[in-house]
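Data first, discussion second: the structure below is written as structure tokens.
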Amino acid sequence: MAKSSLIPGFYRLSLEERLQHVKEFANLTDEEAGQLKKAGSLPLDMADRMIENVIGTIPMPFGIGVNFLINNRDFLIPMAIEEPSVVAAASYAAKMVRDGGGFFTSSTQPIMVGQIQVVGVKDPYAGKMRVIQSKDEILKKANDQDPVLLSAGGGAKDLDAKIINTTQGSMLIVELQVDCRDAMGANAVNTMAEAVAPMIERTTGGRVYLRIISNLATRRLARAWCIVPKKSVGGEEVVDGIVNAYAFAAADPYRAATHNKGILNGIVAVILATCNDHRAIEAGAHAYAVKNGHYASLSTWEKNENGDLVGSLELPMAVGLIGGAVRTHPIAKIAVKILGVKTANEFGEVLAAAGLAQNLGALRALSHEGIQRGHMNLHARNIAVTAGATGEVIDLVAAKMVEERKVRVDRAKELIEQYEATGKI
Ligand code: NAD
């Protein structure tokens, strides 16, 4: 029988009980479950091989978004993030969406673009024609670089060229379109772009400078959409509030930046849990948000004829299940196993659903009760720890500050002193 991700009261379980649930859901081994509990699960020698000048590692909370139903299949969503409320909001929103049948998703082919900058071409328009004429030869050279990608069904599939006007005069930009299959693709594409550069110099008579992937991955999009019954979201008034909140973000870049940050809270948490490149995702998302000429919301929220809420999200999704650190970092490997995704496209679609859920959670809170109520409990605990509280005193101090609506370090210190003097708060 298929296992359900609908786990009521998951947040009330002990850490050990939650881990048991996830272990059973994802068939984790004892060793994998043990790895998740160890604060230092990235061996130092591995960290030392990943980047330069390593002196240690920084652990981060690893939580699970529950209740996700995506294309009629249950998912538990691993999320690594330092910000309180994100995992709770995603799980809560996924529950509301589940009432409407869950998320539905789609994606384009995983095509990334490699840009080759050619300067000093005497006849740039004719140069562009010559490049396009030599397409087969250039693509063959590109594909010779990566027989493994080719055998996986990917590779350089097409190319285009454009002339841009710059402060340094006109430039010819050749764009290789590479199907990256299950890789994010930056290394693969950059290698191809570098390999074909001499050929392009010969063809155009110009000089090639940059040869690099573009993070504005408009040919590699992931989409998610959902219907949230008005009853589940809190009534038609809340639906109207969310639609108005979306309209604000669609019209005003200052609001849109925060709206999109909320979407990325959900996506980047999963990206971090799986050791993918969050800068690539963020760069692509923000650049894509300008596609209509001004920076705007990446998602849309509408009310349908029944008065229910309908949300959709589309964004570039350059993620991989192969390459980078996803296959080497021990926790990233476990995160992918928990997700149960088999292709980068499927992974990207789950990420789009996580982003849309996060967006819904934030918009509902903002347009209904305000964001602070949900944030406050965990925030208060962080403040209590900052003020020096330990053990059970953390929760006592936090609860008192929330009750008083005075969540401040100075108040936390007073309460800790009071506890030390009297044994109570
Ligand atoms: P990679 O080169 O480590 O792995 C990709 C390779 O895996 C492919 O080229 C292919 O040879 C092989 N492969 C095997 N099976 C495959 C399959 N089923 N599908 C696809 N490929 C398969 O990694 P990458 O994805 O090319 O590069 C990702 C890394 O590049 C990330 O760490 C990223 O941070 C980094 N990076 C990013 C940028 C940027 O975003 N601007 C720039 C430079 C580097």
Note down the magnitude of the dipole of the chain about its Cα centre, charges +1 on Lys and Arg C-beta and -1 on Asp and Glu C-beta and zero elsewhere, to the nearest 20 debye.
520
Mean Kyte-Doolittle of at least 0.5 plus a Cα span of 24 Å or more along the axis: flag which DSSP H helices in the chain meet both, please.
253-273
For the stretch 265-394, what is Rg from Cα atoms divided by 2.2 N^0.38 Å, rounded to two decimals?
1.29
Measure off 7 Å from each Cα along the Cα-to-Cβ vector at E420 and E137, then give the distance between these two points in nanometres to one decimal.
7.9
With labels modelled as points extended 7 Å from the Cα through the Cβ direction, what inter-label distance (nm, one decimal) is found for R49 paired with T343?
3.1
Dipole of the chain (Lys/Arg Cβ +1, Asp/Glu Cβ -1, origin at the Cα centre): which of A26, I271, G63 lies farthest to the positive side?
I271
Can you work out the FRET efficiency for the pair E194 and S106, with r the C-beta to C-beta distance and R0 = 30 Å, to the nearest 0.05?
0.35
For each of V54, V239, count neighbouring Cβ atoms within 10 Å of the residue's Cβ, then give the residues from fewest to most.
V54, V239
When averaged across all projection directions, what area in nm² does the alpha-carbon convex hull of the stretch 119-256 cover?
12.3
What number do you get for the stretch 313-362 when its Cα radius of gyration is normalised by 2.2 N^0.38 Å, N = residues?
1.21
Please give the length that would be gained between E236 and E83 if that part of the chain were fully extended, namely 0.36 nm times their separation in residues minus their C-alpha to C-alpha distance (nm, one decimal).
52.1 nm
Taking the Kirkwood radius as the inverse of the mean 1/r across Cα pairs, report the Rg/Rh of the chain.
1.03
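Can you give the FRET efficiency to the nearest 0.05 for S14 and K122, using r as the Cβ-Cβ distance and R₀ = 60 Å?
0.25
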Here the FRET efficiency for K406 versus R202, based on Cβ atoms and R0 = 56 Å and rounded to 0.05, is 0.20
Counting other Cβ atoms within 10 Å of each Cβ, which trypsin sites (Lys or Arg not before Pro) in the stretch 323-425 have at most 10 and sit in a DSSP loop?
R405, K424
With only Lys, Arg, Asp and Glu charged, each at its Cβ (+1 for the first two, -1 for the last two), find how big the charge dipole of the stretch 1-146 is about the Cα centre; round to the nearest 20 debye.
560
Over the stretch 1-83, what is the relative contact order in percent, taking alpha-carbon pairs closer than 8 angstrom and at least six residues apart?
33
Which of the trypsin sites (Lys or Arg not before Pro) found in the stretch 107-147 are in a DSSP loop and have at most 15 neighbouring Cβ atoms, other than their own, within 10 Å?
K122
Who wins for biggest fluctuation among I55, I338, I132 in a Gaussian network model of the chain, springs between alpha carbons below 10 Å?
I55
Taking only the alpha carbons of the stretch 58-130, what extent do you get along each of the three principal axes, in Å, biggest first?
60, 37, 15
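Could you size up the charge dipole of the stretch 97-179 around its Cα centre, putting +1 on the beta carbon of Lys and Arg and -1 on that of Asp and Glu, and report it in debye to the nearest 20?
Here the stretch 97-179 has a charge dipole of around 220 debye.
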For the chain, averaging the sequence separation of alpha carbon pairs under 8 Å that lie six or more residues apart and dividing by its residue count, the contact order in percent is 18
Label-point separation (nm) for R73 and N187, each offset 7 Å from Cα along Cα-to-Cβ?
2.7
17 Å reach of a label modelled at T57, 7 Å along Cα-to-Cβ, counting backbone N of the stretch 273-299:
273-276
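Bear in mind that the values in this text are calculations on the coordinates, not laboratory data. Note that the coordinates shown come from a computational prediction; the quantities given were computed from them, not determined experimentally. Every residue, glycine among them, receives a Cβ derived from its backbone with ideal geometry; neighbour counts consider all protein chains shown.
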